[in-house]
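Here is the structure we will look at.
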Amino acid sequence: MIRTTGLSKSFHNHEVLRSIDFQVDKTEIVVLLGPSGSGKSTLLRCLNGLEELSGGSLTVNGVDVDSAMSHREKNARFREIRRQTGMVFQQFNLYPHKTALENVIESLLIVKRMPKADAVAAGERLLKRVGLAEKRDAYPSRLSGGQQQRVAIARALAMEPAVMLFDEPTSALDPELVGEVLDVMRELAGEGMTMVVVTHEMKFARQVANRVVFMDGGVIVEQGEPASFFQSPQTERARRFLNQIT
Ligand code: ADP
Ligand code: MG
């Protein structure tokens, strides 16, 4: 579903991703771990075309992008990739002047040009799926952080993406609201969604991930099944990281 080959990203002269080879299979749940500044967000953003690639290439659901392509070609391909990937951010990024339902159906109306009645029906189904059917007419400011993030997930699902990318989706939440968001993500995983999740929720990683990928300094240092990664990390850097966070 996802493959990067020699993917590099620099900001000015600072190389933030160094020749990353990364793969995600269909229906796989990959948790990306690593210290702050290790390049996790940048990797997710490169997968989605939110950052320009400095080098290498990637494929998402059959759409190839190579850093050597023309801007025009890359933009066209990333537009396609963005339709097939849903992204959920730490800050929910909902439109404050739109209701929960309006947030969810925006892309259906604008990108898919779906008739309003069909979009509303689809939006109601999506809100129900994240447990928020009764909040359809609420504005984000009237929702808790956990509810806002669930609306953001419903919005990302509206385009029926092949892959969901989550960048610390629970890091901005009060502790008592984390569980309801993780529950929705668990359900998605159970339904066979392909997911890449940056998170510090180690219990989620242990229970839900098929694979943990540990990054540091812009490279993948180590990866493996959660059970073996957490029990017996192979590298000193991973050991140090796990000691710090647990
Ligand atoms: P993580 O998500 O693992 O904390 P990031 O991908 O956000 O790490 O950042 C990796 C490195 O890239 C950091 O050193 C950060 O300062 C740098 N960086 C990220 N975005 C930008 C940007 N837009 N401009 C300059 N440097 C950036
Ligand atoms: Mg980050």
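Quick notes on this one:
- Expressed as a whole percent, the accessible surface of the chain that belongs to carbon and sulfur atoms is 44, based on a 1.4 Å probe.
- Residue-normalised accessible area of the stretch 169-246, given per residue in Å² at a 1.4 Å probe: 48 Å²
- Point-to-point label distance, Ala138-Gln91, nm (Cα→Cβ direction, 7 Å offset): 2.2 nm
- A helix-only calculation puts the chain at -12000 deg cm²/dmol for mean residue ellipticity at 222 nm, using -39500 (n - 2.57) for each DSSP H run of at least four residues, averaged over all residues.
- Straight-line cross-link reach from Lys135 at under 16 Å between alpha-carbon atoms covers these lysines, not counting any fewer than eight positions away in the same chain: Lys98.
- Averaged per residue, the stretch 1-124 has 50 square angstrom of accessible surface, using a 1.4 angstrom probe with ligands and nucleic acids left out.
- Segment Asn210..His71, full-extension length gain: 46.5 nm, with 0.36 nm per residue of separation and the alpha-carbon distance subtracted.
- Placing dummy labels 7 Å off each Cα toward the beta-carbon, the span from Ala121 to Ser232 is 5.6 nm.
- Per-residue extension of 0.36 nm, minus the Cα-Cα distance of Asp64 and Thr27, leaves a gain of 11.4 nm for this segment.
- Set of lysines with alpha-carbon distance to Lys203 below 28 Å, sequence-local pairs under 8 removed: Lys26, Lys40, Lys128
- Calculated FRET efficiency for the pair Ala172/Ile110, C-beta based, R₀ 30 Å, to 0.05: 0.70
- Separation between Cα centres of the stretch 131-150 and the stretch 153-212, rounded to whole Å: 17 Å
- In the calculated pair-distance distribution of the chain, the portion above 27 angstrom amounts to 37 percent of the Cα-Cα pairs.
- In summary, the convex hull built on the alpha carbon positions of the stretch 88-147 has an orientation-averaged projected area of 4.1 nm².
- Listed by chain and number, the lysines placed with their C-alpha closer than 18 angstrom to that of Lys74 are Lys9; residues fewer than eight positions away on the same chain are left out.
- Rounded FRET efficiency, nearest 0.05, which uses the C-beta distance separating Asn13 from Arg186 and R0 of 45 Å: 0.60
- Unit charges on C-beta of K, R, D, E only; dipole of the stretch 63-145, Debye: 100 debye
- Translational D in µm²/s for the stretch 151-246 (Stokes-Einstein at 20 °C, 1.002 mPa s, Kirkwood Rh from C-alpha pairs): 147 µm²/s
The values are calculated or read from the model by the stated rules, or taken from the named source; none is laboratory data. All values derive from a computational prediction rather than experimental measurement. Reconstructed Cβ throughout: ideal geometry from the backbone, glycine too, with neighbour counts over all protein chains shown. With ligands, DNA and RNA removed, areas are computed over all heavy atoms of the protein, side chains included. Shrake-Rupley method; radii C 1.70, N 1.55, O 1.52, S 1.80 Å.
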